[in-house]
Amino acid sequence: MAGWIGRSVICVLAALLLASSTIASSDGPFIIANKKAKLTRLKSGSERVSVSIDVYNQGSTTAYDVTLNDGGWTQDIFDIVSGNTSTSWERLDAGALQSHSFELEAKTKTMFYGAPAVITYRVPTKAALQEAYSTPILPLDILADRPPEKKFEWVSFDVDIFKHVHCSVYLVLCSLTTLAIFFLFAWNYFVVASEILQAKKLLVKYGPLISVVSIVVLFVYLVATPSKSSGPKGSKKKR
């Protein structure tokens with residue numbers, strides 16, 4: 001494990017050094033490669049590895065005899081399903097992009113640390129072949145133990161079932177509305193009955209006193225009324 005990590009770090013550092021030296025030159029191709037890997041669990045119990053590598057020329061001139069080699073996949077673990085781990089292009093113009101992909105299949109449970117892919121190309125002004133490295137990939141946990149995925153089952157409703165459910169909901173709503181109206185009237189009746197009962201209690205408690213006061217007021221009124229009416233008659237007789 002440590003060896004693979006060390007090699008990956010060395011490859012990345014070498015790529016950075018190569019990139020810095022290429023950028024420092026005034027003209028020439030500048031190759032950048034992005035490597036990606038995706039795992040897909042198959043029903044047969046194996047793991048499908050889909051690898052894609054994008055190669056860019058960010059330089060100002062064309063790179064010739066470009067060769068891509070991604071041979072870091074161990075044959076004891078992986079079998080090639082489609083495509084090849086290596087390919088080549090006659091030229092890669094400045095600002096151009098080339099993509100390469102292939103698929104592998106693994107049946108062995110392991111943690112795999114992949115190395116970057118190697119790109120070689122020729123520059124007309126230099127005799128030796130130039131090298132570039134792709135970005136490394138994250139460790140691949142082949143056939144890892146994963147919790148079972150919960151699958152949602154779609155339930156199809158028939159039109160008659162939907163109508164039945166709709167009618168049932170409508171009846172429930174009507175019943176709830178009727179109960180609410182009944183409880184509202186019952187509450188109002190209870191409030192009115194309570195007020196009437198309270199009034200009866202007050203009448204029983206203060207009824208005799210109210211009767212005595214009413215009799216006294218009526219007596220005073222009757223006594224005072226004849227005196228007021230007899231006043232003018234006496235004055236008329238004296239005249």
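What to note about this one:
- Within the accessible area of the range 23-78 (1.4 Å probe), percent carbon and sulfur: 46
- Cut-off 17 Å (backbone N to label point 7 Å along Cα→Cβ of Ser88), residues of the range 26-65: 63-65
- The packing ranking of peptides 73-83, 210-220, 54-64, highest mean first, is 54-64, 73-83, 210-220, where packing means the average number of other beta carbon atoms within 10 angstrom of each residue.
- Size-normalised alpha-carbon gyration radius of the range 47-89, reference 2.2 N^0.38 Å: 1.47
- Close amide H partners of Thr61, meaning residues 5 or more places away or on another chain with modelled amide H under 5 Å apart, are Gly28, Phe30.
- Full-extension gain in nm, Val217 to Ala144, via 0.36 nm per residue minus C-alpha separation: 15.8 nm
The values are calculated or read from the model by the stated rules, or taken from the named source; none is laboratory data. All values reported here derive from a predicted model rather than from experimental measurement. Heads up, the Cβs are rebuilt from the backbone with ideal geometry, glycines too, and the neighbour counts pull from every protein chain shown. Protein only, heavy atoms only, side chains kept; ligands, DNA and RNA dropped before computing areas. Shrake-Rupley method; radii C 1.70, N 1.55, O 1.52, S 1.80 Å.
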